[in-house]
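Following: one structure in structure tokens, then a few remarks.
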Amino acid sequence: LWPGVYLCTSSEVLAEFREFERFATAAVNASLMPIMDRYLERFGRGVADLGIRATPRVMQSNGGAVSPGAVRKLPVNTFFSGPAGGVIGSVGLGEHLGLSNLITFDMGGTSTDVCLIRDGEPAKKSERQMGGFPVRARTIDIHTIGAGGGSIAWVDAGGLLKVGPQSAGADPGPAAYGRGGTRATVTDANVVLGRLNPRTLLGGRMAMYPDQARAVIDELAGTVGIDPVKAAAGVIEIINVNMMGAVRVISVEQGEDPRDFTLVAFGGAGPLHAAEVARNMGMRKVLVPPRPGLLSAIGLLHADVRGDFSLTRLLRAEPASLKALNRGLEALKKRGAAWLKGEGEQHASFDWFADLRYFRQNFELIMELKSDRFNENALATFIEAFHHRHKDYYGYDMRGQPVEVVNLRLVVTAKRRTPPHDDLKPVRGEVKQALTEKRRVWFAQTGFIATPVYDRDRLPMGCRIAGPAIIEQMDTTTVVPPKAVLKTGRLGYLHMELEAVTRKREARWAVAAVAN
């Protein structure tokens, strides 16, 4: 119509009612179209220049991958595609090891992303706030907070120590990096406490400057009026409490008991803090994949081709509505089939859902349909299941109220052949061959204590290490606290078992000290 002008209609972007949310979603999508188009153009040229002939796919926020053409039309579906890769990587890891209930813990330099996976399926949501706009798109329910290795420790007007959400980022980064950072960060606290190697990171590729880390921690301690070690310990405790809050949001606040789950620690800083976060949440198991810094990228390779489709049909859930409901399902089936053909896929599963609510409620619950057509018996069974789900989720039901169908949904999934997970090559021998040094490391339970440090790449398969211990590798450091036990799995995974925790958390004194 107009050369160089990007157009989209709200009905294409979101075929659901609630006009403001649909308009906002369409507006955000339109603003992203030229940016995504230019990016994919550069990406396509780069891939061609490398001689790669594989069909390119782009990750979406729903955990599925699609063609660049589909993303050019609906870039709004890629908002959380990076963190979604880590979740899909964790799902694949769980399938690999026979673990279906997981909580992902992806801690990097500036933020931490957490997600709950129940029975091998990540939690999902249909709306997110993006730049202040309510954007409705089916996404994996990833909760993000400003907590990372670069999070800055600071003192508020009342003299209380705070950590984050401000971050030193990669440039200048923590003071320990020697790049001009002048404010204390979580990384600096980890260096002062001996948890991070004070000499090098990245397998010796990056020099560390512990004196600069101590200087900024000393300055922070002087501001608060406490000992530098207590200040560093307080920084670690506070950031851990912040991340525990994130885990609580996706578990306890959703009616899930975190003790039923294994914490999957990845990202550059995830394994450094995972044991303490898990232990204080009452969780007993932590899993560290072979390459924690690469799990999100590996997840991209494991993503299936997936499309989510929806259609509003605001109708009473009663026999008189059956024809209209089935027409809606048929319309979704045609959209899904056309999309699948456009993606170049022939075989796929079609899974059906509907958003239900009691009459005049302002919120809905998404319920799975057993088939692609309604009849009277199926509708009655569906309504009964909704009553039970509502009571489980909210603590009550309203069986005397009419039930409404708000939206119909279809998920089309084409399975992809995926590469195996990046297992480490089996190592034979004894644990002592992996021991690199002993250094003083601070733990809440013991204070500073001589702690063995191991090279993960030299740990033999099937070995058992009692904490305290530090496990170092190129892309992360794993902290094994006292009374924890670490085992190396047959495929190179680290399985950590934690002691049962009481209600009174250890290291409470650190928070009390910085609050005085």
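The values are calculated or read from the model by the stated rules, or taken from the named source; none is laboratory data. Since the structure is predicted, the reported quantities are computational estimates derived from the model, not experimental observations. Positions of Cβ are generated from backbone atoms using ideal geometry, with glycine treated the same way; all protein chains shown enter the neighbour counts.
Conditions (1) in contact with a helix residue (DSSP H, G or I) (Cβ under 8 Å, 6 or more places away or on another chain); (2) aliphatic (A, V, I, L, M); (3) not assigned by TED's automatic domain parsing to the domain that holds Thr476, marked per residue:
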position: Glu219; (1), (2), (3): no, no, no
position: Gly222; (1), (2), (3): no, no, no
position: Ala232; (1), (2), (3): yes, yes, no
position: Val247; (1), (2), (3): yes, yes, no
position: Ser251; (1), (2), (3): yes, no, no
position: Pro258; (1), (2), (3): yes, no, no
position: Glu276; (1), (2), (3): yes, no, no
From the residues in the stretch 190-219 that are modelled with pLDDT of 95 or more and touching a strand residue (DSSP E or B) at 6+ places or on another chain (Cβ under 7 Å), which one is nearest to Gly148 (Cα to Cα)?
Arg195
Which residue is farthest from the chain's Cα centre (by Cα), if the candidates are limited to the stretch 201-236 and must be hydrophobic (A, V, I, L, M, F, W, C) and within 30 Å of Met283 (Cα to Cα)?
Val229
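For the stretch 436-491, name all the residues that are assigned to a loop (DSSP other than H, G, I, E, B) and not assigned by TED's automatic domain parsing to the domain that holds Arg195. Explain how you work it out, then say what you get.
Step one: filter the stretch 436-491 for residues assigned to a loop (DSSP other than H, G, I, E, B), giving 444-446, 459-463, 467-468, 474-475, 481-484, 489-491.
Passing the criteria: Ala444, Gln445, Thr446.
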Within the stretch 22-39, identify whether any single residue is of a type in the set (Val, Ile, Thr), under 29 Å from Thr312 (Cα atoms), assigned by TED's automatic domain parsing to the domain that holds Leu295 and not in a helix (DSSP H, G or I), and answer yes or no.
no
Checking Trp154 against (1) without any contact (Cβ under 8 Å) to a residue 24 or more places away in the chain; (2) assigned to a strand (DSSP E or B); (3) in contact with a Lys or Arg (Cβ under 7 Å, 6 or more places away or on another chain), which test does it fail?
(1)
Is it the case that Arg389 is at pLDDT below 95, in a loop (DSSP other than H, G, I, E, B) and within 30 Å of Gly255 (Cβ to Cβ)?
no
Scan the stretch 114-126 and tell me whether some residue there is over 23 Å from Pro258 (Cβ atoms), of a type outside the set (Asp, Glu) and assigned by TED's automatic domain parsing to the domain that holds Ala274.
yes
So which pairs qualify, if the first residue must be in the stretch 122-140 and within 14 Å of Ile366 (Cβ to Cβ) and part of a loop (DSSP other than H, G, I, E, B), the second must be hydrophobic (A, V, I, L, M, F, W, C) and at pLDDT 90 or above, the Cβ gap must be under 8 Å, and the two must be at least 6 apart or on different chains?
Ala123/Cys115; Ala123/Leu116; Ala123/Ile117; Ala123/Ile140; Ala123/Ile250
Filter the stretch 100-136 down to the residues that are buried (at least 21 other Cβ atoms within 10 Å of the Cβ) and either of a type in the set (Ser, Thr, Tyr) or at pLDDT below 90 (or both) and list them by number.
Thr104, Thr112
So Val163 clears everything in (1) aliphatic (A, V, I, L, M); (2) in a loop (DSSP other than H, G, I, E, B); (3) crowded, with 16+ Cβ neighbours inside 10 Å except one condition, right? Which one?
(2)
Ala48 being of a type in the set (A, V, I, L, M, F, W, C), surrounded by 14 or more Cβ atoms within 10 Å (Cβ to Cβ), over 25 Å from the mean Cα position of the chain (by Cα) and more than 22 Å from Leu340 (Cα to Cα):
no
Can you find a residue that is in contact with a Lys or Arg (Cβ under 9 Å, 6 or more places away or on another chain), modelled with pLDDT under 95, basic (Lys, Arg) and closer than 25 Å to Ala269 by Cα anywhere in the stretch 494-510?
yes
Every residue in the stretch 139-153 that is touching a helix residue (DSSP H, G or I) at 6+ places or on another chain (Cβ under 8 Å) and surrounded by fewer than 23 Cβ atoms within 10 Å (Cβ to Cβ), please.
Asp141, His143, Thr144, Ile145
Flag if Gln445 is more than 19 Å from Pro290 (Cα to Cα) and surrounded by 13 or more Cβ atoms within 10 Å (Cβ to Cβ):
yes
Any chance the stretch 419-437 includes a residue that's touching a helix residue (DSSP H, G or I) at 6+ places or on another chain (Cβ under 7 Å), surrounded by fewer than 13 Cβ atoms within 10 Å (Cβ to Cβ) and over 19 Å from Ser321 (Cα atoms)?
yes
Any residue in the stretch 159-172 that's in contact (Cβ under 8 Å) with a residue 12 or more places away in the chain: show its pairings with residues that are of a type in the set (D, E, K, R) at Cβ separation under 8 Å, as long as the two are six or more apart or on different chains.
Lys162/Asp156; Ala168/Arg183
Give me the pairs, please: first residue somewhere in the stretch 1-24 and over 18 Å from Gln129 (Cα atoms), second residue anywhere and modelled with pLDDT under 90 and in a loop (DSSP other than H, G, I, E, B), beta-carbon distance under 6 Å, and either six or more positions apart or on two chains.
none
Identify all residues within the stretch 446-461 that are over 29 Å from the mean Cα position of the chain (by Cα) and either at pLDDT 95 or above or among the polar types (S, T, N, Q) (or both); write none if there are none.
Thr446, Phe448, Ile449, Ala450, Thr451, Pro452
For Ile239, all conditions in the list (1) under 21 Å from Gly173 (Cα atoms); (2) of a type outside the set (D, E, K, R); (3) more than 16 Å from the chain's Cα centre (by Cα); (4) surrounded by fewer than 24 Cβ atoms within 10 Å (Cβ to Cβ) hold save one; what is the number of the exception?
(4)
Go over the candidates Gly234, Gly268 one by one and state the one that is under 25 Å from Leu486 (Cα atoms) and touching a residue at least 12 places away in the same chain (Cβ under 8 Å).
Gly268
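Keeping to the stretch 299-351, report how many residues are assigned to a helix (DSSP H, G or I) and of a type outside the set (A, V, I, L, M).
16
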